[in-house]
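To start, the structure under review is shown below, and the notes come after it.
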Amino acid sequence: MRVSVSGISLKLKAITYLPCYPYMKDFIQVLNFTPNVEILTLFYNCRADIYAHNFGSVPCYQGHTNYQAYYVSNMSALKDYASYCSSVEVPVFRTELDLYNKGKVGPLTEVLSQGFEVNYEYSSECVECENLGGTCGSSDVSDFVCLCKNGAFEYVCHEASNLSRRLIIFIGLACLALGISMVLLVMLCCLGKRRPTRKFAVFWKSEAAKCPNVDAFLQIYGSFALTRYTYANIKKMTDGFKDKLGEGGYATVYKGKLLSGRLIAVKVLKPSKGDGEDFLNEVASISRTNHVNIVTLLGFCYEGNKRALIYEILSNGSLEKFTFHGTRDRIQSLPWETLFNIAIGIARGLGYLHRGCNARILHFDIKPHNILLDKEFCPKISDFGLARLCPLEESTISMLEARGTIGYIAPEVFCRTVGGVSHKSDVYSFGMMVLDMVCGRKNLSADLQRSSEVYFPQWIYNRLELEEEASFQGTITDEEKAVQRKMILVSLWCIQTYPSNWPSMSRVVEMLQGCVESIQMPPKPNLSSPPRLALDTLVTPTDSSDGAR
């Protein structure tokens, strides 16, 4: 592609073969075309050959394989063929296209080879940037950046002047002197058989906690592909935090857009007194993942108390709105086949977290609110704020406090006599969540919290023994009853009294994909909800709106 500059217009020379794959989709959304440019739609990969008289056939080369593409002069026919053809939009000169339609120029590839024009804002910032040896450009979050030899800057290149060099040398010498002084201080302390006071040690630890080395942390635990944005970038993405999607006790989520046009969800955390450990855990945990059932983290912002997470935006929100109801109906109902596929997807995602990464990731907050659904209702596990990383070979982990959400927290988390805390804590939460999906009601509602005689899984178990429908969705078919029974049986196995009896998530997937007759009736759960003392000391997040993602 050749670019020639004339004033403030750019003429882009196109390639000499048709672009048979939609590489230019985001490209077209970003560029500002001149009035002399028209967007031409090309069709390819059609399921059947097109023989209509108003279509023409043109060669299309991609790699080492020949394809056939089609163009149409009668634009009313677009609607008829769009359903079984792939398409791509290509900018061309309107004058060249008119000549082609009149038969005055050669093949369509010649029209494409003439390129197209775009408007380009040649600002004073660009002039200053070029005067200092830089090149004008843009990024995902900024319309203008100055690309320099020593990096990209928002306005102009920072010259490495003699003064700057002297300043660098001075800082280096100062650091060296400080290091020597620290060594001498340690030697004096050792010679004098004195240790730093406890007050000094606590102060050092607290100050280090206030300013964690984020870059070093992410190099060890995170992903190099993850983008770190500035707070100014975040404001620009969200258009000054204009479109709020939801708000909770610890975060507010806004709708945003990258410069490429991609829609995003920006979760801005509210200032907290902590050292950001949970925030960094979430960044490190999710940046390690790459799975269809795990939400995609696109980037993050960490500037003191200003912290934000940038996620892909999912059109159907959280599973919660398809699960809970206030009376006898769900807010929105889903077919049993869809609910079943969602359960399998979540199980696969958890299995990946437990065994598919180079370190085991324990989520500790599996619940309907933290399961997001895309436009095809593919589930994605989100919100890793309470997650913990541990080596694959370790079967249990140590925890200073219980963490999770009331109604989904595993018994060993708040009652250590049951067993050690492990990745199977997520298995219990999964089981309780699937029971919610089947029955369409919260497993620990306000009424149940006030009663020590009612335990939700026992209520389910009793109805299953009596072969009664546990759901309030109305009449269901025999096939749907079998799906419902399978989901309940698997869930009850996941919430047995002792963690040693819980299946692994890989086993859960096998059970869900197998036939219901092969699943034995599990023993009746005899645990109760967490005692009030445990609930008072529980570390639990405050949910933001499901639209927040």
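The values are calculated or read from the model by the stated rules, or taken from the named source; none is laboratory data. This is a predicted model, so every value here is computed, not measured. Here the Cβ positions follow ideal geometry from the backbone for every residue, glycine too, while neighbour counts run over all protein chains shown.
Points worth noting:
- Within segment 492-507, being over 14 Å from ILE409 (Cα atoms), hydrophobic (A, V, I, L, M, F, W, C) and in a loop (DSSP other than H, G, I, E, B) holds for one residue alone: TRP502.
- If you go through segment 229-254 and pick out every residue that is surrounded by fewer than 20 Cβ atoms within 10 Å (Cβ to Cβ) and either outside the structural domain of LEU309 (by TED's automatic domain parsing) or assigned to a loop (DSSP other than H, G, I, E, B) (or both), you end up with 9.
- The single condition among (1) part of a helix (DSSP H, G or I); (2) at pLDDT 60 or above; (3) in contact with a Phe, Trp or Tyr (Cβ under 8 Å, 6 or more places away or on another chain) that ILE476 does not satisfy is (1).
- Cross-chain or 6+ apart pairs with Cβ under 8 Å, segment 351-368 first and in the same structural domain as SER429 (by TED's automatic domain parsing) and buried (at least 24 other Cβ atoms within 10 Å of the Cβ), then modelled with pLDDT of 90 or more and of a type in the set (Val, Ile, Thr): LEU353/ILE294; LEU353/ILE381; HIS363/ILE381; ILE366/ILE346; ILE366/ILE381
- Condition check for ILE294: of a type in the set (Val, Ile, Thr), in contact (Cβ under 8 Å) with a residue 60 or more places away in the chain and within 28 Å of ASN358 (Cα to Cα): yes
- So SER500, is it of a type in the set (Ser, Thr, Tyr), at pLDDT below 90 and more than 29 Å from the chain's Cα centre (by Cα): yes
- Residues considered: VAL438, VAL483. Of these, the only one that is at pLDDT 90 or above, in a helix (DSSP H, G or I), buried (at least 18 other Cβ atoms within 10 Å of the Cβ) and not acidic (Asp, Glu) is VAL483.
- For beta carbons closer than 6 Å, sequence separation of 6+ or different chains, a first residue in segment 380-391 that is of a type in the set (Val, Ile, Thr) and a second that is in a strand (DSSP E or B), the qualifying pairs are ILE381/ILE294.
- Residue that is nearest to LYS235 (Cα to Cα), among those in segment 104-148 that are modelled with pLDDT of 75 or more and part of a loop (DSSP other than H, G, I, E, B): GLY134
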